[in-house]
Amino acid sequence: MDRQDLRGFLAALPAEDLLRIEAEQTDYLLTALVEELERRRRFPVVALTGETGIHTVANLFASRRRLSSAISNVLTVEQQAERLAQPVLVECAPVFTVSRTGAEVDAGTLPLVRHYEQDAGRYLSSGIVVARDPETGRYNLSFHRMQYKGPRRFGISLHSRGDLWRYFHTAQAKGVDLEIAVVIGAHPVFYLTGATSVPAAFDDYSYAAAYLGEAVELARCRTVDLLVPAGAEYVLEGRILKDVFEDEGPFGEYTGYGTSRSTRNVFQVTALSHRQDPIWLELTPGWSMEHLLLSQYTREILLLHQIQTVMPNVKALNLPKNGCHFHAYVSIDHPLPGQARQLGMLLFGLDHYLKLVVVVDSDIDVFDEERVWWACATRFQAGRDLFQVPGARCNVLDPSSREGMADKLCLDATCPPDFAGSPITLPDGVRTKAKALLDLEVRTVG
């Protein structure tokens with residue numbers, strides 16, 4: 001089981017990847033810790049510990065290296081998903097070691113917190129919502145903010161207008177509530193799947209299996225007809241009520257702004273189960289690295305692959321944290337005249353979230369923002385290298401957008417054919433010597 005659960009993944013992390021802090025979880029604390037670590041350019045998993053060991057972890061998804069270690073492949077995922085589509089059913093699943101149903105349920109015992117001062121209350125930010133397509137029966141994993149309203153009640157917003165929103169309206173048209181389960185604290189592949197736009201022809205659990213490289217181990221819920229990861233830490237079961245709506249929000253979103261935009265749905269809890277001595281996984285919301293990186297990690301890889309099928313000389317793509325999913329830096333090798341503009345238009349067409357694309361030469365590391373903007377400073381001229389796409393579809397959480405529309409901007413910061421600049425360099429040997437001397441100095445000081 002430890003191959004497919006959070007505990008096994010945490011146990012396999014290098015020691016320097018886990019920052020243990022002795023503290024009790026309180027409102028705002030984990031958010032403040034993660035923000036301070038980001039200011040220091042550090043991205044470890046934060047583990048709040050007590051007398052019984054680790055009880056809360058956060059910042060798990062803030063590192064590309066960690067996400068890469070969790071996932072076996074991205075580009076061949078569809079072929080692997082077909083091969084690993086059949087899950088393994090577990091009868092005595094760890095997640096159901098402790099179960100309460102009906103009136104015994106009290107979600108108020110969960111370590112829910114307020115993350116930002118603007119939040120309407122305590123929020124569950126790390127729940128993977130598990131649902132089934134009412135028409136095909138295929139499983140879907142997704143993320144939706146959930147505001148605690150009472151022992152067996154949460155406000156939930158389906159404002160992404162994705163699969164869960166469609167499932168709810170299909171069930172509502174039939175006059176029934178929509179059954180869901182909410183999983184907290186599972187292996188990262190389940191979170192990565194929930195953040196992936198899985199093609200409609202695939203069951204999301206088959207994608208999780210493909211990411212993992214083996215069939216997923218699932219268990220049956222107690223009060224709803226759904227399967228959940230057997231090694232999860234917690235699971236809430238219940239229904240999104242078909243005809244009950246209540247205000248929900250505001251909540252701190254990935255744009256760095258609080259928003260009250262909500263579909264105002266209500267989740268009624270019918271069961272609460274967890275492992276023995278469960279670990280609570282917190283997913284830092286708002287404009288945090290882990291919030292943004294979790295939802296864009298596979299997206300970066302797939303976008304780059306799609307672009308490279310048309311333009312093989314494209315080398316790398318970064319969706320930087322400061323862009324809130326709206327910016328992309330992309331490098332291209334020896335572009336032909338006009339090819340940078342073509343690349344920008346392709347990206348705008350493939351991803352409607354994007355509103356700024358910066359194209360640089362392949363000598364620029366797109367993950368080094370200082371180098372990207374150095375290229376803009378020395379290789380870009382606004383009158384020659386800029387183009388706009390006015391009034392295009394965008395993400396509605398962009399607070400500068402109007403009625404789901406925004407203007408797009410592409411900067412061509414590649415060298416023009418007549419470029420006369422010659423970048424300054426140092427020999428490789430002297431760089432190696434400088435690194436060795438500095439490493440020695442650090443050891444001496446330590």
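The values are calculated or read from the model by the stated rules, or taken from the named source; none is laboratory data. All of these numbers come straight from a predicted model, not from anything done at the bench. Please note that ligands, DNA and RNA were not included when accessible areas were found on the heavy atoms of the full protein model with its side chains. Shrake-Rupley method; radii C 1.70, N 1.55, O 1.52, S 1.80 Å.
Values for this structure:
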| quantity | calculated |
| --- | --- |
| C-alpha long axis of helix 289-310 to longest principal axis of the chain, angle in ° | 60 degrees |
| Longest to shortest principal axis, alpha-carbon extents of the range 293-402, angstrom | 35, 32, 27 |
| Within the accessible area of the range 378-446 (1.4 Å probe), percent carbon and sulfur | 59 percent |
| For D277, solvent-accessible area (1.4 Å; no DNA, RNA or ligand), Å² | 110 Å² |
| Listed residues G429, G338, G256, most fluctuating in the chain (Gaussian network, C-alpha, under 10 Å) | G429 |
| The chain - mean residue ellipticity at 222 nm from DSSP helices (-39,500 (n - 2.57) per run, n ≥ 4, rounded to 500) | -8500 deg cm²/dmol |
| Separation of alpha-carbon centers, the range 182-248 and the range 296-362, rounded to whole Å | 31 Å |
| Mean-position separation - Cα centroids, the range 69-102 and the range 388-424, in angstrom | 40 Å |
| Per residue value of the accessible surface for the range 58-158 (all protein chains in place, 1.4 Å probe), Å² | 43 Å² |
| Rounded tilt (10° steps) of 163-173 against the dominant C-alpha axis of the chain | 40 degrees |
| Principal axis dimensions, largest first and in whole angstrom, of the range 339-384 by Cα | 27, 26, 17 |
| Listed residues P134, P337, P427, most fluctuating in the chain (Gaussian network, C-alpha, under 10 Å) | P427 |
| Where Rh is the Kirkwood radius over Cα pairs, Rg/Rh for the range 208-255 | 1.12 |
| Sequence-distant aspartates and glutamates (8 or more away, or on other chains) whose Cα lies within less than 15 Å of K433 | E441 |
| Rounded accessible area per residue of the range 200-298, 1.4 Å, Å² | 30 Å² |
| Gyration tensor (alpha-carbon) shape descriptor, the range 153-309, a/c threshold 1.5 | rounded |
| For the range 347-425, the Rg and Dmax computed from alpha carbons only, in angstrom | 14.8, 49 |
| GNM result for the chain, Cα springs below 10 Å: residue of I240, I307, I21 fluctuating most strongly | I21 |
| Cross-link reach list, lysines versus K355, counting only Cα pairs under 18 Å and skipping chain neighbours closer than eight places | K321, K408 |
| Along each principal axis, Cα extent of the range 232-328, largest first, Å | 54, 35, 25 |
| Proximal aspartates and glutamates to K149, defined as alpha-carbon separation beneath 12 angstrom and excluding residues fewer than eight positions away on the same chain | D106, E246, D247, E248 |
| Using distinct alpha-carbon pairs, which all enter the 1/r mean, Kirkwood radius of the range 26-111 in Å | 17.3 Å |
| Accessible-area composition of the range 246-322, carbon plus sulfur, in percent [1.4 Å probe] | 53 percent |
| Enclosed volume per residue, in Å³, of the convex hull spanned by Cα atoms of the range 36-194 | 187 Å³ |
| Percent accessible area from carbon and sulfur atoms, the range 39-131, protein chains only, probe 1.4 Å | 46 percent |
| At 0.890 mPa s and 25 °C, Stokes diffusion of the chain via Kirkwood alpha-carbon radius, µm² per second | 104 µm²/s |
| Folded to 0 to 90 degrees: helix 29-39 orientation relative to the chain principal axis, Cα | 10 degrees |
| The chain, relative contact order in percent, only Cα pairs under 8 angstrom and at least six apart counted | 15 percent |
| Solvent exposure ordering (accessible area, 1.4 Å, most first) of E282, E246 | E246, E282 |
